[in-house]
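I have placed the structure first, in the form of structure tokens, so that the comments after it can refer back to it.
The values are calculated or read from the model by the stated rules, or taken from the named source; none is laboratory data. Since the model is a prediction, treat every value here as computed from it, not as a measurement. Counting neighbours? That spans all protein chains shown, and the Cβs are built from the backbone with ideal geometry, glycine included.
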Amino acid sequence: MPHREDEEVGLPSERLLAVAEDVDWTVLGRETHFHFATQAAPCETLRTVLRSCPRPVVVVPRQGVHGSSVLVAYDASPPSVRALNAFRRSGLDEGRPVHVVSIAAEEETASRRAEEAARFLRFYGMEADARPLVGSGDEAGLILGQAGQQDARLIVVGAFGHSRLSELFGRSTTSALLRRSDRALFCHH
């Protein structure tokens, strides 16, 4: 991929957000340690950038990226719609099959949403299929289960579609995916 490397001085999240204004997407590791001399645990840079970045952020796992397909988690929310469109423009499908997962309590809703997003991607020439799931509760677990079944190298998700309060109490699907996924995440707020 064409890319640019920068060396910046200042608060990491502020510098990354400033640079992100003129790039297509930003790549960060799942754990950021920009203050390595003064901290043992990961810093808040990733979370701050994900919450405020005007462009998509690709979060990569420590062990590298493997897999033969892409999984899109789609619920028709504004962040999900933006993530779907940004992914479509990114070129990160690299000709791989794309599986669109939509989770809802009713099968009809899950099917409609999954097919809507798959149809959108097919219109732009991507090989996409709909994979509706009926369920509630641990959406991150359902998404990760599908990512494993489909051998996904990348999971596309709309970041932080819920309130900061639900995120604070660990109820955000994005937060759960960031904690639990061993695959790259394409996140767009």
Hits in the range 57-89 - residues which are touching a Leu at 6+ places or on another chain (Cβ under 9 Å) and under 14 Å from Leu28 (Cα atoms): Val57, Val58, Val59, Val60, Pro61, Val65
Just wondering, is there one or more residues in the range 28-43 that are at pLDDT below 80 and either under 20 Å from Ala117 (Cα atoms) or assigned to a strand (DSSP E or B) (or both)? yes
Any idea which of Val65, Val49, Val101 is surrounded by 14 or more Cβ atoms within 10 Å (Cβ to Cβ), of a type in the set (A, V, I, L, M) and closer than 21 Å to Ala147 by Cβ? Val101
Extreme residue, modelled with the lowest pLDDT, among residues of the range 146-175 that are more than 20 Å from Val81 (Cα to Cα) and assigned to a loop (DSSP other than H, G, I, E, B): Phe169
Would you be able to tell me the number of residues in the range 113-140 that are in contact with a Pro (Cβ under 8 Å, 6 or more places away or on another chain) and either modelled with pLDDT under 95 or of a type in the set (Lys, Arg) (or both)? 1
On the given criteria, is Val59 of a type in the set (Val, Ile, Thr), touching a Lys or Arg at 6+ places or on another chain (Cβ under 6 Å) and outside any loop (DSSP other than H, G, I, E, B)? yes
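Collect the residues in the range 66-94 that are among the basic types (Lys, Arg) and at pLDDT below 95, keeping them in residue-number order.
Arg82, Arg89
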Take the residues of the range 76-85 that are surrounded by fewer than 20 Cβ atoms within 10 Å (Cβ to Cβ) and of a type in the set (Gly, Ala, Ser): which is farthest from Gly158 (Cα to Cα)? Ala76
Taking the range 95-129 only, how many residues are over 18 Å from the mean Cα position of the chain (by Cα) and assigned to a strand (DSSP E or B)? 2
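A quick yes/no check of all residues on (1) within 15 Å of Pro12 (Cβ to Cβ); (2) surrounded by 14 or more Cβ atoms within 10 Å (Cβ to Cβ):
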site: Gly29; (1), (2): yes, no
site: Arg55; (1), (2): no, yes
site: Leu92; (1), (2): no, yes
site: Pro97; (1), (2): no, yes
site: Glu107; (1), (2): no, no
Taking Ile143, is it in a helix (DSSP H, G or I), surrounded by 19 or more Cβ atoms within 10 Å (Cβ to Cβ) and at pLDDT 95 or above? yes
